[in-house]
Amino acid sequence: MEKLISSKNPWQTLHRKQVYDNPWIEVYEDQVINPRGGKGIYGIVSFKNLAIGVIPIDEEMHTWLVGQYRYTLDEYSWEIPMGGGSKANSPLESAKRELKEETGLSAQRWENIMRIHTSNSVTDEEGFIFLAQDLTPGETEFDDTEDLQIKRLPLKEAIRYVMDGRITDAISMAGLFKVARLFKT
């Protein structure tokens, strides 16, 4: 028999203090009473934008990956086209912008295939992953912070990138596995 799960919040927040703020994130330290009644602290990284990922698929079952050096990891990373989307805009609007900026592609068909929380033990980041099809090539529009390589490859090869550790980004991994399942690849 399946155990019923309560949606009631077992945590009690005693005090919240903002300890950092910039245009992209806020960091809070909360004084809390935990679910077992003990006092403690909880750190929260709160994102000011949505995480937006796009998996473009063409008629030959190829997709596009974007490679870039990630400052936070101090290493190079292959990923699906992705970026931040303002919470004032729809996730789809942001997905269309990200695909165009990073690959030059535009798409006629869009499907929101996934909502994701990237590391819900320390952050409230919410992401959306879209499948983009019926693609039209165009010019990229990189941001000032982007020095990207773009790679078109078969979807099956992109899945191999995940399986052999060449892709470690959580949003890319989740999205590629979902698309592989949708297309039974």
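Based on what the data block shows, is Asp124 surrounded by 14 or more Cβ atoms within 10 Å (Cβ to Cβ) and in the same structural domain as Asp74 (by TED's automatic domain parsing)?
Yes: the conditions hold for Asp124.
With the condition kept exactly as written, say whether any residue in the stretch 109-117 is under 16 Å from Ile57 (Cβ atoms), over 14 Å from the mean Cα position of the chain (by Cα), aromatic (Phe, Trp, Tyr) and not assigned by TED's automatic domain parsing to the domain that holds Tyr28.
Yes, there is a match, as at least one residue in the stretch 109-117 is under 16 Å from Ile57 (Cβ atoms), over 14 Å from the mean Cα position of the chain (by Cα), aromatic (Phe, Trp, Tyr) and not assigned by TED's automatic domain parsing to the domain that holds Tyr28.
Out of everything in the stretch 65-107 that is small (Gly, Ala, Ser) and more than 26 Å from Ser46 (Cβ to Cβ), what residue ends up being surrounded by the most Cβ atoms within 10 Å (Cβ to Cβ)?
So the residue we want is Ala107.
Would you confirm, using the coordinates I've provided, whether Glu146 is among the charged types (D, E, K, R), modelled with pLDDT under 95 and closer than 16 Å to Gly67 by Cα?
Taking the combined requirement at face value, the residue satisfies it.
For the stretch 172-185, how many residues are buried (at least 16 other Cβ atoms within 10 Å of the Cβ) and free of Cβ contacts under 8 Å to residues at least 40 places away in the same chain?
Going through the stretch 172-185 one residue at a time, the tally reaches 2.
Here are some conditions: (1) over 17 Å from Asn49 (Cα atoms); (2) in a strand (DSSP E or B). Gly127 meets all but one. Which one does it not meet?
Checking Gly127 against (1) over 17 Å from Asn49 (Cα atoms); (2) in a strand (DSSP E or B), the one that fails is (1).
Would you check which residues across the stretch 130-140 are surrounded by 14 or more Cβ atoms within 10 Å (Cβ to Cβ) and assigned to a loop (DSSP other than H, G, I, E, B) and list them?
The answer is Thr140, and nothing else.
Name the strands (runs of 3 or more DSSP E) wholly inside the stretch 1-99 in which the number of residues that are at pLDDT 95 or above and farther than 30 Å from Pro137 by Cα is 3 or more.
Fully inside the stretch 1-99 and qualifying: 12-21, 25-33, 39-47.
List every residue pair whose Cβ atoms lie under 8 Å apart, where the two residues are 6 or more positions apart in sequence or sit on different chains, the first residue falls within the stretch 155-171 and is over 11 Å from Thr185 (Cβ atoms), and the second residue, located anywhere, is outside any helix (DSSP H, G or I) and of a type in the set (D, E, K, R).
Ile167/Glu79; Asp169/Glu79; Ile171/Glu79
If the Cβ limit is 8 Å and pairs must be 6+ apart or interchain, which residue in the stretch 141-153 that is part of a loop (DSSP other than H, G, I, E, B) pairs with which residue that is modelled with pLDDT of 80 or more and among the aromatic types (Phe, Trp, Tyr)?
From residues that are part of a loop (DSSP other than H, G, I, E, B), the pairs are Asp147/Tyr69; Leu148/Phe142.
Residues Ile33, Ile25: which one is in contact with a strand residue (DSSP E or B) (Cβ under 8 Å, 6 or more places away or on another chain), without any contact (Cβ under 8 Å) to a residue 24 or more places away in the chain, over 21 Å from Thr118 (Cα atoms) and aliphatic (A, V, I, L, M)?
After ruling out the rest, the residue left standing is Ile33.
Give the number of residues within the stretch 143-159 that are surrounded by 13 or more Cβ atoms within 10 Å (Cβ to Cβ), out of contact with any strand residue (DSSP E or B) (no Cβ under 9 Å at 6 or more places or on another chain) and more than 16 Å from Met114 (Cβ to Cβ).
Of the residues in the stretch 143-159, 1 are surrounded by 13 or more Cβ atoms within 10 Å (Cβ to Cβ), out of contact with any strand residue (DSSP E or B) (no Cβ under 9 Å at 6 or more places or on another chain) and more than 16 Å from Met114 (Cβ to Cβ).
Take the residues in the stretch 100-122 that are among the β-branched types (Val, Ile, Thr) and assigned to a loop (DSSP other than H, G, I, E, B), then tell me which one is nearest to Ala180 (Cα to Cα).
Step by step, filter the stretch 100-122, then rank; the result is Thr118.
The values are calculated or read from the model by the stated rules, or taken from the named source; none is laboratory data. What you see is a predicted model; the values in this text were computed from it and never measured. Neighbour counts run over all protein chains shown; Cβ positions are idealised from the backbone, glycine included.
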